[in-house]
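Peer 1: Sharing a structure with you now.
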Amino acid sequence: QIQLLESGGGLVQTGGSLRLSCTASGGTFGAYDMAWFRQASGKEREFVAGISWGPGTTFSDDSVLGRFTISRDKANNVLYLQMNSLRPSDTAVYYCNFVRRAGNQWYHMHAWGQGTQVTVSS
């Protein structure tokens, strides 16, 4: 059973940057797309950014377009999310997962990890 571990979150001021990392145990990344999601307090979990396994094509929600960059180190099986120009509205717990993509919808494939908290102060 694949287990996901997110790290790199923290407290940062508006305009600051963070880089999140995601590793998987119990398996390898294989030929699956991956994505980052986030869940703010009292809200549903939402898609943030995704990356295709093959060509590494990236996708971003409009709310983070131009500020967040998803990438993957296939050799070391690590998924990243570089977050720049952070805003208070980015405050949330961030999660990664393997995904199936259907059109504009991203469906997670495994149980969620514990996530990593990102807090952006104003």
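Peer 1: Inside region 112-122, can you point out the residues that are at pLDDT 95 or above and either outside any loop (DSSP other than H, G, I, E, B) or more than 13 Å from the chain's Cα centre (by Cα) (or both)?
Peer 2: Residues satisfying the conditions are THR116, GLN117, VAL118, THR119, VAL120, SER121.
Peer 1: Let me spell it out: the conditions are (1) of a type in the set (D, E, K, R); (2) in a strand (DSSP E or B); (3) exposed (fewer than 15 other Cβ atoms within 10 Å of the Cβ), and ARG72 meets all of them except one. Which number is the exception?
Peer 2: (3)
Peer 1: A follow-up question, please. Going by the conditions given, is ASP90 modelled with pLDDT of 95 or more, among the charged types (D, E, K, R) and surrounded by fewer than 14 Cβ atoms within 10 Å (Cβ to Cβ)?
Peer 2: When the stated conditions are applied, ASP90 does not pass them.
Peer 1: So which residues in region 63-78 are modelled with pLDDT of 95 or more and either in contact with a Ser or Thr (Cβ under 7 Å, 6 or more places away or on another chain) or not aliphatic (A, V, I, L, M) (or both), if there are any at all?
Peer 2: SER63, GLY66, ARG67, PHE68, THR69, ILE70, SER71
Peer 1: Okay, moving on. Kindly indicate whether any position in region 40-55 is over 15 Å from GLY8 (Cα atoms), in contact with a Lys or Arg (Cβ under 8 Å, 6 or more places away or on another chain), of a type in the set (A, V, I, L, M, F, W, C) and free of Cβ contacts under 8 Å to residues at least 40 places away in the same chain.
Peer 2: Yes, some residue in region 40-55 is over 15 Å from GLY8 (Cα atoms), in contact with a Lys or Arg (Cβ under 8 Å, 6 or more places away or on another chain), of a type in the set (A, V, I, L, M, F, W, C) and free of Cβ contacts under 8 Å to residues at least 40 places away in the same chain.
Peer 1: Another one. Keeping to region 38-62, report how many residues are assigned to a loop (DSSP other than H, G, I, E, B) and either in contact with a His (Cβ under 8 Å, 6 or more places away or on another chain) or surrounded by 14 or more Cβ atoms within 10 Å (Cβ to Cβ) (or both).
Peer 2: Counting residues in region 38-62 that are assigned to a loop (DSSP other than H, G, I, E, B) and either in contact with a His (Cβ under 8 Å, 6 or more places away or on another chain) or surrounded by 14 or more Cβ atoms within 10 Å (Cβ to Cβ) (or both) gives 5.
Peer 1: Another question about this same structure. Condition check: out of contact with any strand residue (DSSP E or B) (no Cβ under 7 Å at 6 or more places or on another chain), closer than 21 Å to GLN3 by Cα and open to solvent by 30 Å² or more (accessible area, probe 1.4 Å). Does ALA111 satisfy that?
Peer 2: Spelling it out, ALA111 is indeed out of contact with any strand residue (DSSP E or B) (no Cβ under 7 Å at 6 or more places or on another chain), closer than 21 Å to GLN3 by Cα and open to solvent by 30 Å² or more (accessible area, probe 1.4 Å).
Peer 1: Would you confirm whether any residue within region 10-30 is open to solvent by 80 Å² or more (accessible area, probe 1.4 Å), among the aromatic types (Phe, Trp, Tyr) and not in a strand (DSSP E or B)?
Peer 2: no
The values are calculated or read from the model by the stated rules, or taken from the named source; none is laboratory data. Note that this is a predicted model, so its numbers are computed, not measured. So basically every Cβ, Gly included, is an ideal-geometry build from the backbone, and we count neighbours across all protein chains shown. These area figures cover heavy atoms from the full protein model, side chains too; ligands, DNA and RNA do not enter into them. Shrake-Rupley method; radii C 1.70, N 1.55, O 1.52, S 1.80 Å.
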